[in-house]
Amino acid sequence: MACQTWPEPVIRVQTLADSGLTAIPKRFISQTPSSTFLHHTASPPSFSHDLNIPVIDLAGDPGEMLRLVGQACRDWGFFQVVNHGVRPDLMRSARAVWREFFNQTPEAKEKFANSPTTYEGYGSRLGVQKDAILDWSDYFFLHFMPASLRNRANWPALPPSLREVVDEYGEEVVKLGGRILKIMSRNLGLQEDYLLNAFGGEEGIGGCLRVNFYPKCPQPDLTLGISPHSDPGGLTILLPDDHVSGLQVLKDDRWISVKPLPDAFIINLGDQLQIVSNEIYKSVEHKVVVNSQTDRVSLAFFYNPKSDAVIEPAKELLTEERPPLYRPMTFDQYRVFVRTKGLCGKSQVQSLNHYNN
Ligand code: OGA
Ligand code: NI
């Protein structure tokens with residue numbers, strides 16, 4: 001089970017970066033310059049720097065849109081959506097209030113310091129393994145859904161508009177998540193409400209926001225903003241920074257940099273969609289690289305199953321050739337792993353597929 005406290009004093013990466021150090025502490029070194037070289041520079045000629053994740057116009061022709069979403073879910077597990085119905089000014093305000101939060105003094109932020117019991121609040125690590133390698137980022141994590149877990153008193157009080165902006169932003173993003181689940185349900189040949197119901201229904205779904213802050217880094221080739229992982233939950237709706245990229249997605253064993261379009265959201269599938277779809281859809285590994293020039297803020301909204309929803313492959317998708325690949329498990333049981341060990345690629349979902357054991 002999750003521990004009550006962190007195993008060692010928490011290092012705020014932003015404070016470290018602001019101290020003007022020129023070499024990063026050993027704890028943050030997860031890359032050797034040569035592996036960076038392999039991934040970024042020495043790619044075979046087939047590597048295309050223009051390759052980008054699919055972009056889907058949600059206001060486009062409905063039939064075509066359904067087909068494109070299905071294709072993106074099967075081939076990439078990642079796509080960008082435009083004309084998604086969330087107001088661009090709200091997206092900008094959401095980024096702006098969180099940037100302001102992170103720009104406050106360390107003392108102001110420490111008031112919201114989190115613990116591994118709920119993870120809610122200001123944090124700098126995931127997992128409670130002592131001496132674990134650390135990522136070059138801080139974050140703020142909060143619960144938005146179900147409404148009973150939405151405790152605004154745990155959210156930053158400053159800037160003064162933050163709580164209101166987060167409330168409105170969260171409502172809009174939850175609506176968008178619901179729409180995308182419907183599209184996916186239909187694309188899989190299921191009832192329109194299938195995935196929403198599997199996740200616990202409109203009132204039951206779990207929605208959390210993790211705002212990531214990636215400070216500038218003097219040795220960006222030696223570390224990562226977030227190590228490779230797949231998101232454990234349902235669907236992630238990511239609002240990336242508008243002036244710097246950093247997200248990379250694994251596609252056919254290569255890391256592809258995502259180039260965010262203005263006012264678009266980046267959508268990716270989490271492990272629970274891989275399980276419910278019995279691997280017709282797959283969650284995809286991704287990571288974040290940092291740079292020495294500028295910091296970066298992103299808002300990851302996790303649209304998750306209800307904590308006690310039992311997640312299992314949809315019966316409607318099972319055939320003799322395609323028997324269930326996973327045993328039923330509640331989302332809570334699933335999440336304990338990540339909250340204890342931190343992020344490790346796709347090792348968890350892979351280990352649960354019983355044909356891999
Ligand atoms: C995450 C994540 C990507 C980003 O928070 O799970 O993958 O670009 N974030 O910040
Ligand atoms: Ni992620």
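The values are calculated or read from the model by the stated rules, or taken from the named source; none is laboratory data. These numbers come from a predicted model, not from an experiment. Positions of Cβ are backbone-derived with ideal geometry, glycine not excepted, and every protein chain shown enters the neighbour counts. Surface accessibility is based on the protein's heavy atoms, side chains included, excluding ligands, DNA and RNA. Shrake-Rupley method; radii C 1.70, N 1.55, O 1.52, S 1.80 Å.
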- Are any residues in region 109-129 outside any strand (DSSP E or B), closer than 24 Å to V290 by Cα and open to solvent by 30 Å² or more (accessible area, probe 1.4 Å), and if so, which ones? E110, L126, Q129
- Item | Which numbered condition E171 fails, given (1) open to solvent by 10 Å² or more (accessible area, probe 1.4 Å); (2) touching a residue at least 24 places away in the same chain (Cβ under 8 Å) | (2)
- within 16 Å of ligand 2 (Cβ to nearest atom) and over 15 Å from the mean Cα position of the chain (by Cα): does that describe Y303? no
- (1) surrounded by fewer than 22 Cβ atoms within 10 Å (Cβ to Cβ); (2) away from ligand 2 (no atom under 16 Å from the Cβ) all hold for L195 apart from (1)
- Residue hits (region 282-299; within 12 Å of ligand 1 (Cβ to nearest atom), farther than 23 Å from L352 by Cβ and either hydroxyl-bearing (S, T, Y) or not in a loop (DSSP other than H, G, I, E, B) (or both)) are V288, R296, V297, S298, L299
- Going through region 247-258 in order, the residues found to be within 12 Å of ligand 1 (Cβ to nearest atom) and either in contact with a helix residue (DSSP H, G or I) (Cβ under 7 Å, 6 or more places away or on another chain) or part of a loop (DSSP other than H, G, I, E, B) (or both) are V258
- Before we move on, is D231 more than 15 Å from ligand 1 (Cβ to nearest atom) and among the acidic types (D, E)? no
- Message: Going through D271, D295, D308, D252 one at a time, which residue ends up being closer than 17 Å to R95 by Cα and of a type in the set (D, E)?
- Response: D295
- Query: Listed residues I180, I205, I226; which is within 16 Å of ligand 1 (Cβ to nearest atom) and either under 30 Å from G20 (Cα atoms) or modelled with pLDDT of 95 or more (or both)?
  - Reply: I226
- Task: Identify all residues within region 15-33 that are closer than 12 Å to P218 by Cα and out of contact with any Ser or Thr (no Cβ under 7 Å at 6 or more places or on another chain); write none if there are none.
- Result: L16, A17, D18, S19, G20, L21, T22, A23, P25
- Message: For region 198-218, give me each residue that is farther than 21 Å from D231 by Cβ and crowded, with 19+ Cβ neighbours inside 10 Å.
- Response: P215, C217
- Filtering region 97-127 down to residues that are farther than 18 Å from G225 by Cα and among the hydrophobic types (A, V, I, L, M, F, W, C) yields V97, F101, A108, F112, A113
- Reported set for region 306-357 where residues are within 21 Å of the chain's Cα centre (by Cα), surrounded by 20 or more Cβ atoms within 10 Å (Cβ to Cβ) and free of Cβ contacts under 8 Å to residues at least 40 places away in the same chain is none
- Can you tell me how many residues in region 289-305 are of a type in the set (A, V, I, L, M) and either without any contact (Cβ under 8 Å) to a residue 40 or more places away in the chain or open to solvent by 10 Å² or more (accessible area, probe 1.4 Å) (or both)? 2
- Message: Suppose we filter region 52-105 for residues that are touching a residue at least 40 places away in the same chain (Cβ under 8 Å), in contact with a Leu (Cβ under 7 Å, 6 or more places away or on another chain) and not in a helix (DSSP H, G or I); how many remain?
- Response: 9
- If you check L238, L261, L247, which single one turns out to be hydrophobic (A, V, I, L, M, F, W, C), at negative phi and open to solvent by 30 Å² or more (accessible area, probe 1.4 Å)? L261
